[in-house]
Structure formats: structure tokens, C-alpha cells
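As C-alpha cells, the structure follows; a few thoughts come after it.
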Amino acid sequence: MNSKRIKRYFGAWLKAKTGKKSQIALRQLFDNLARLGRYPDEATIRQSKLTVWKHLEERRIRRLRKTAWIQGISKYAAVFILLGFTAWIYWEMAFSSVDQPEMTVKQTLEGMRSTITLSDGSQIRLNENSEFEFPEAFLNGQRLVRLEGEAFFDITPNPDKPFIVQTGNAEIVVLGTSFNINTHQATEVTVASGKVKVANRVSREQAFLQPGQQAVLDGKAIRIAEVNPEYFLG
């Protein structure tokens, strides 16, 4: 059997039995053998095989090194991600307390009322069935409290640190004044003295109230009416 017939025979066998890289390597083997003549000696055949398998082994080693490099990069990336996540958690734990001081909650039940004096001297008279949330001290550039229910506010003036009351759908901003807030139904803000800005936290609509005016926030709208403050503050 001459070399051409051997190549045709093994060529047909390779197409059905082996992968692409093995086919290439074995074809190289047959090409080497074909160049040796019709009857190569055993040593030459053995040397030709060793040459082919050496090329295959070199390819395998290169492939393993590439895989190991990719895996190493993946491990380093995972470490950097973990370090970044840890740093973010530390930042949140270390500095969130500065931006958001610990809050105290005062609640009143049916028939109960309570007077609260804040750290800046402002006085809050909390009506029954209400909840008032406030910090022990105002540490940042604003005085922020939260109310659900009804309360009368007598605020100590401080132009550099506005006083902000947040309810379910409203935000009331004052510098120094007295007013009443009732959120049992729609949010009602009634001003006794000074000037108050009322903003709807949903629609961003806002209005300024003078003494004797009342704003009602129902949904996204703000309705303003002239009222007798004593009726609502009593």
C-alpha cells in the first residue's frame, strides 16, 4: 500500500472519528511519512511521531497556561470587588450616623397629650392619637422632624438652620413661627404667626402661608383658605 492510499484511507477515518486538532496533527504525521519514501525505517517513523506529539503537547501547555492566567485574573477581580463592597459598607456604617442622627419617637394614645421641648428650644404640643419623631440634637444644617397625627409647633427662630416637618405627603419649612399640623385625614397646616412654606412631596407643588391661612393637601393639590387660627389651635 503506497503512501497516497494510506493518506486517503486515514483521511476518511479521521473525518468520522477525531476532532479538528487531532486531524491536523495526524495529517502532519502522514505528510512527514510520505516525504520519507515508500518504505521508511522504524526509527524514522518513531521520530516523525515524536515530532507531531511534541507539537500537540506544546499546544496543550499553551492552552493550560492561558486558562490559568484567566482564572488568576478572575480571582484578583473577585478580591477587588469584595474589598470595594467591604469599603462601601464601612463608609455607610461610619458616616450615615452623621448625616442621619438617631431619632426618638413620642406617641400619644386616646385622650393623651404631650409637650416636647426640642434641643433648640422649640416646643411641640402633641395631640392625642399622634406620633412625633425627632432627634436628640440637630447636628447638621437643618432641623428635621416627622409627624403623623396632630401637633402645634412653636419654633425657635434660626435663619441658618430651617425647621422642616415631614408628613405622609407634605413637607413644611419654617424659620421661626407657630403653626398647627393635622394629618388625621388630609394634611392641614394652619399658621398662627410667621411665614410657612408648604410643599407637596408627590407633585412638588408648593405654597407660602401667612398668619390666618390654612393649606389643605389632598392628593397632589394644595388648597389655601383664610381661617380663624384660634378655632384650629384650640
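Brief remarks follow.
- Expressed as a whole percent, the accessible area of the range 107-202 that falls on carbon and sulfur atoms is 44 (1.4 Å probe).
- From the alpha carbon centroid of the range 198-234 to that of the range 110-141 is 21 Å.
- Burial order of peptide ranges 109-118, 136-145, 150-159 (average beta-carbon count within 10 Å, highest first): 150-159, 136-145, 109-118
- Dipole magnitude (debye, nearest 20) for the range 113-216, charges at Cβ of Lys, Arg, Asp, Glu: 280
- Look at the dipole of the range 134-234 built from charges on Cβ: of F163, A186, S203, the Cα furthest out on the positive end belongs to S203.
- Less than 5 angstrom separates the built amide H of V196 from those of L209, all sequence-distant by 5 or more or on a different chain.
- Counting heavy atoms of the protein chains alone, D218 has an accessible area of about 90 Å² for a 1.4 Å probe.
- Note, ³J(HN,Hα) from phi for the range 143-157, Karplus 6.51, -1.76, 1.60, rounded to Hz, x at Gly and Pro: 10, 10, 9, 9, 9, 10, x, 9, 7, 9, 10, 10, 9, 6, x
- Over the range 125-230 - Rg/Rh using Cα atoms and the Kirkwood inverse-distance radius: 0.93
- Accessible surface of S178 - all protein chains present, 1.4 Å probe, nearest 10 Å²: 10
- Protein-only accessible surface order, largest first, of K161, K220 at 1.4 Å: K220, K161
The values are calculated or read from the model by the stated rules, or taken from the named source; none is laboratory data. What you are looking at is a predicted structure, and each value in this text was computed from that prediction instead of being measured. Counting neighbours? That spans all protein chains shown, and the Cβs are built from the backbone with ideal geometry, glycine included. SASA here: full protein model, heavy atoms, side chains in, ligands and nucleic acids out. Shrake-Rupley method; radii C 1.70, N 1.55, O 1.52, S 1.80 Å.
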